[in-house]
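Right, one structure below, let's go through it.
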Amino acid sequence: MDEQLSSVSAIENSSENTNPSESGGIDPWQLADAILERMDVTDSQTIDDMIHKRAVFSGTIIGGLLLFWWLVFVKFDSASFTEPELILQLNYEVISALLPFLVFAGSVLNMMSRELGRPGPGTIAGFLLLISVYFVIEPLGMFIFNQTDAELGTVVWLCSRLAIIGSGVYIGSKMLMEAFLLSWVKRFLEMHEASISKEDSITTTEIEVEDIVNT
């Protein structure tokens, strides 16, 4: 009986030591549950398939965008839009290479803010994504306000290429981050020998305490 009570005390002490309200950290169980709920993971058997599909999808998008950028901005770029960007005074070939990094960073910080419930990353993400949208539509604004001699078709084609790259990177990075989050949840649950269920789940610590009390 003393051994059982000492086991219960040890489990309770370990649970208290990992209490996020006392340590100021984030409860990994709550984070894992929020990720599973948001991505609608039904059971442990489907999580591997979800990780695989998201990883392949993100790799396909990012690889396709890299090829698209090389073709339309490097290899076959015959557009006559020669005016530099207004803020940084860079040409749009450089902007097209900078845009994916801005969108990727903004997407990652946006997901961090949502999953961790912290405003700082979300604020930075909003700024980066706003700058990215500005770079996409800036050539059209330059055409409207007579800041370029390029034809409308050239301006629309440039904006379309930038929009394809920006939106593609956003979707691809979102899929990639979801794959990494699901992979973390899978390793976390395997480490604690827990399973995924749509019903109310009980952590392994609670199961051990319940078994010891019942005996």
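None of the figures in this text is laboratory data; all of them are computed from the coordinates on show. Quick caveat, the model's predicted, so the values are computed rather than measured. Glycine gets a Cβ as well: all are built from the backbone with ideal geometry, and neighbour counts include every protein chain shown.
So the values come out like this:
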item	result
Calculated FRET value between Thr123 and Leu86, using beta carbons and R₀ = 22 Å, to 0.05	0.35
Stretch gain in nm, segment Val74-Gln147, where the contour uses 0.36 nm per residue and the Cα spacing is subtracted	23.9 nm
Exposure proxy order (Cβ contacts within 10 Å, fewest to most) of Arg118, Arg187	Arg187, Arg118
Peptides 87-95, 160-168 ordered by average Cβ neighbours within 10 Å, highest first	160-168, 87-95
Mean separation of Cα contacts under 8 Å, 6 or more apart, over the residue count of the stretch 34-207: relative contact order %	37 percent
Added length on full extension, which subtracts the Cα-Cα distance from 0.36 nm per residue, Ser183 to Lys53	45.6 nm
